[in-house]
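Working notes, structure below.
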Amino acid sequence: MPKTLIIAEKSTQMHEYARALGFNLKGDHYEKGDTILSCAAGHLLELAEDTAYRSEGKWDKSYLPLLLQIKEYKYEPKKEENRQSQLKKLGEFLNNPDITNIIVATDPDREGELIFRYIYNYFNCKKPFIRVWNSALVEEGIRKAFANPTYKKGDLFLENLCKSGYARAFTDWLIGVNATQAATLQLGQGKLLSIGRVQSTILKIICDRYIKNKGHEKTYTYKIITNHSYNGTTYTTESPIYENKEQSQAVFNALLPAHTFVSHEVKKVSKNPPLLHTLDSLTIVANKLYKYTPDQVLASAQKLYENKYLSYPRTEDPYITEEGYSNLQKFFVDLCKSFLNVTDFSFVGKPKSVDDSKITGSHDALIPTGYTNGLENLEEQEHRIFELILYRCLESFSESSQYEKGVYLFDNQGVPFKTNTNKLLFAGWERYTPKNKAATEEESDEADGEKITVLDLPYRQGDAVAIDTKNIREIESKPPAIYTPATLTDDLCNLDKFLQEQSPEVHKELSVQFELKGLQIGTKGTRPGILKTLIEKRQFITLQKNKYLPTDLGLQFYNAIKDLEVVNVAQTARLEYQLKQITEGKLLVTEYYNNLLEYVKNMVQNIFNIETTVKVEREILGTCPKCKQGQIVEGKKAFGCTNYKNGCDFTIWKEVAHKNITAKQVADLINK
């Protein structure tokens, strides 16, 4: 009898599918009738290392650039034993002649598709498959998704998604292997210097901002402040800004003892509610409020998803469908009452965040699923992240806030003075905005909240308004703020805005060539890991007091490569645009790849032309606890003793029981 194989992405997903669909456990997989349910363990395969295409031995300039044609790429199983055994099991299923159909149920995104295609193509499988596109691990959603599979083998959307996944993987491999080896040989004198398409661009952005901040030369402008009182109410008015103190002093000296009232202008302003959270907007808010890092936010969102409380976290759009909104209305009010103690919310009209036509990605915004079992037992970090998602839903589904904004205008010897007012008429969605109780002064300056100033002055045109006191205020220019996880995420996920503000000329040049809107540096799912790598593995940056600071090594490396095209934001934008075109079926992979090969050739040559060297000194983590003579330093695959030539074999592997061990953890351990 013909059988069907369902492939989930990981075991937690498989268990939820089994529970929802009524499968029974059989060994390391599930079965129900003629259907088998198994899973991957995330990525089981990866592109083979460079040694698969060159002679064994040390890196050498002689074979660089190492260029491959698309069909030459080889794939190898990941080294972890559990992944290899799972790959072997899936291979047995795929090669089983009794299994004639496949249902793909990996994560609903490009990476999930790539995980399946790597396995499918590795075993040269030709069997037909259909694709389940499920964004939440709740039973009702799972059953509905499996009852109505969204795509099948050969569908244009899936094929383009697959092609873009492969193109992105080839791009990162080609650039990473060639640039890293070229930089290590030319700049690092054999000591590892890692270059990555996204990693090095992010490093450059962080270093650029740091250098601008530290190199900022203070400038000053001036304005005149006058103080007044009316019926016990004090207020101030201010002049225009003057570029030099002499000019402001001359105006100050010529002022009369009283202003002349000119007019009072008032207008009502509506402030629309925000759209729903994506992973990026959630990261920004969570960092501002709780100092959580991008990888912490992603980990919590992923855990909430796997525990069925949250929709799929790697979201691309801040919108949800009409159907999703209708389902959410069934439980949302009660959920907010029990989890947030919010009792005054009710749905009013159709929110702007509910719009099927605006969903351009593979899945929609972050929303609760309605599953509540065990919610009260969430750990603090997951509890806070879930709170933020609920609060954003409350904001997004509420009415606009209303303000009355006014300006009182005065004149003194032809010099205009004004004071602004801002009166809250209706709080609307803003009553649900989480407040930053521990914001620094710098973060307070960036706050989105409205400053409320209420003033009722019954002056008439021509009235004299006495000045109580006056002074000249010196305004010191502020340097560009060093990046926090919130501000960096905001710039990386909005390349159009970033270039407009930081490099107007580059923005103008690129916007003529292609559409910048919607482009990002990296992806929502990969950026948190890249930043973690820059900190822990490369040691190019640190995160101190919620600020990204380059290390001495990072600055040396930055200075050596900052002018290379590979780290140029404009070039990153071009590549991201082309990869997006592949996803949309507007660019052939072969055309893109041929241009990429030429680009990599030039990139390697440009690195070889650099005459600077980067001094790489490995951080000493502590004295060796075994021989007491050597120092513990970080190697490629392990932490070891510098006294190894004299026989000390002390080693701590970087991966233990499938957990990555960091340099900080090793330092803490050996220095206890």
Taking K74 as the residue in question, decide whether it is out of contact with any Lys or Arg (no Cβ under 6 Å at 6 or more places or on another chain), open to solvent by 50 Å² or more (accessible area, probe 1.4 Å), touching a residue at least 24 places away in the same chain (Cβ under 8 Å) and of a type in the set (K, R). yes
Leading residue by the ranking (farthest from K637 (Cα to Cα)) among those in region 536-546 that are of a type in the set (A, V, I, L, M, F, W, C) and open to solvent by less than 50 Å² (accessible area, probe 1.4 Å): I541
Mind listing whichever residues of region 424-444 are surrounded by 17 or more Cβ atoms within 10 Å (Cβ to Cβ), modelled with pLDDT of 95 or more and on the phi < 0 side of the Ramachandran plot? W429, E430, Y432, T433
How many residues are in contact with a helix residue (DSSP H, G or I) (Cβ under 7 Å, 6 or more places away or on another chain), more than 24 Å from E111 (Cα to Cα) and not hydrophobic (A, V, I, L, M, F, W, C) when one looks only at region 347-369? 2
Cβ pairs under 7 Å, 6+ apart, first in region 256-272 and at pLDDT 95 or above, second among the polar types (S, T, N, Q) and open to solvent by 40 Å² or more (accessible area, probe 1.4 Å): L256/Q413; F261/Q461; V262/Q461; S263/Q461; K268/Q402; S270/Q402
Checked region 22-71 for anything without any contact (Cβ under 8 Å) to a residue 12 or more places away in the chain, polar (S, T, N, Q) and under 30 Å from K144 (Cα atoms); matches are N24
Just the residues that are open to solvent by 60 Å² or more (accessible area, probe 1.4 Å) and within 19 Å of the chain's Cα centre (by Cα), please, taken from region 480-500. K497
For region 113-170, enumerate the residues that are of a type in the set (S, T, N, Q) and in a helix (DSSP H, G or I). N121, N160, S164
Could you pull out every one of the helices (runs of 4 or more DSSP H) wholly within region 304-422 that has 2 or more residues that are more than 30 Å from Q249 (Cβ to Cβ) and among the basic types (K, R)? 380-396
For region 108-124, indicate whether the set of residues that are over 30 Å from N594 (Cβ atoms) and in contact (Cβ under 8 Å) with a residue 24 or more places away in the chain is non-empty. yes
Being over 24 Å from A560 (Cα atoms), part of a helix (DSSP H, G or I) and touching a residue at least 40 places away in the same chain (Cβ under 8 Å) is the filter here; which residues of region 586-641 pass it? V589, T590, Y592, Y593
Matching residues in region 574-591 - criterion: being acidic (D, E) and surrounded by 19 or more Cβ atoms within 10 Å (Cβ to Cβ): E576
Residues satisfying the stated conditions in region 194-222, i.e. part of a loop (DSSP other than H, G, I, E, B) and within 20 Å of Y599 (Cβ to Cβ): S194, I195, G196, R197, V198
Which residues, taken from region 555-573, are crowded, with 18+ Cβ neighbours inside 10 Å and not hydrophobic (A, V, I, L, M, F, W, C)? Q556, Y558, T572
Report yes if some residue within region 259-272 is closer than 30 Å to I385 by Cα, within 24 Å of the chain's Cα centre (by Cα) and open to solvent by 30 Å² or more (accessible area, probe 1.4 Å); otherwise report no. no
Kindly indicate whether L192 is out of contact with any Cys (no Cβ under 7 Å at 6 or more places or on another chain) and open to solvent by less than 20 Å² (accessible area, probe 1.4 Å). no
Answer residue from region 656-672, given it is assigned to a strand (DSSP E or B) and open to solvent by 80 Å² or more (accessible area, probe 1.4 Å) and is nearest to G529 (Cα to Cα) among those: N660
Qualifying positions in region 237-253 - outside any helix (DSSP H, G or I) and surrounded by 15 or more Cβ atoms within 10 Å (Cβ to Cβ): T237, E238, S239, Y242
Name the residue, out of F386, F426, F397, F417, that is out of contact with any Asp or Glu (no Cβ under 9 Å at 6 or more places or on another chain) and more than 30 Å from A481 (Cα to Cα). F397
Within region 642-655, the residues that are among the hydroxyl-bearing types (S, T, Y) and either part of a strand (DSSP E or B) or surrounded by fewer than 16 Cβ atoms within 10 Å (Cβ to Cβ) (or both) are Y644, T651
Region 402-413 residues that are in contact (Cβ under 8 Å) with a residue 40 or more places away in the chain, paired with ones that are assigned to a strand (DSSP E or B) and among the hydroxyl-bearing types (S, T, Y) (beta carbon under 6 Å, 6 or more apart): Q402/S270; G406/T421; Y408/T419; L409/S263; F410/T237; D411/T260
Restricting region 456-501 to residues that are aromatic (F, W, Y) and part of a loop (DSSP other than H, G, I, E, B), the one farthest from K288 (Cα to Cα) turns out to be Y459
Looking at (1) part of a strand (DSSP E or B); (2) of a type outside the set (G, A, S); (3) within 40 Å of the chain's Cα centre (by Cα); (4) surrounded by fewer than 18 Cβ atoms within 10 Å (Cβ to Cβ), which is the one condition that is false for I225? (3)
Condition (residue is farther than 17 Å from I385 by Cβ and either touching a residue at least 40 places away in the same chain (Cβ under 8 Å) or out of contact with any Pro (no Cβ under 6 Å at 6 or more places or on another chain) (or both)) applied to region 303-318: is it met by at least one residue? yes
Would you check if L516 is in contact with a Leu (Cβ under 9 Å, 6 or more places away or on another chain), modelled with pLDDT of 95 or more and open to solvent by less than 20 Å² (accessible area, probe 1.4 Å)? no
Starting from residues that are part of a loop (DSSP other than H, G, I, E, B), acidic (D, E) and surrounded by fewer than 20 Cβ atoms within 10 Å (Cβ to Cβ), keep the ones in region 8-44 and report whichever is modelled with the highest pLDDT. D34
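The values are calculated or read from the model by the stated rules, or taken from the named source; none is laboratory data. Note that the coordinates shown come from a computational prediction; the quantities given were computed from them, not determined experimentally. Heads up, the Cβs are rebuilt from the backbone with ideal geometry, glycines too, and the neighbour counts pull from every protein chain shown. Note: areas computed on protein heavy atoms with side chains; ligands, DNA, RNA excluded. Shrake-Rupley method; radii C 1.70, N 1.55, O 1.52, S 1.80 Å.
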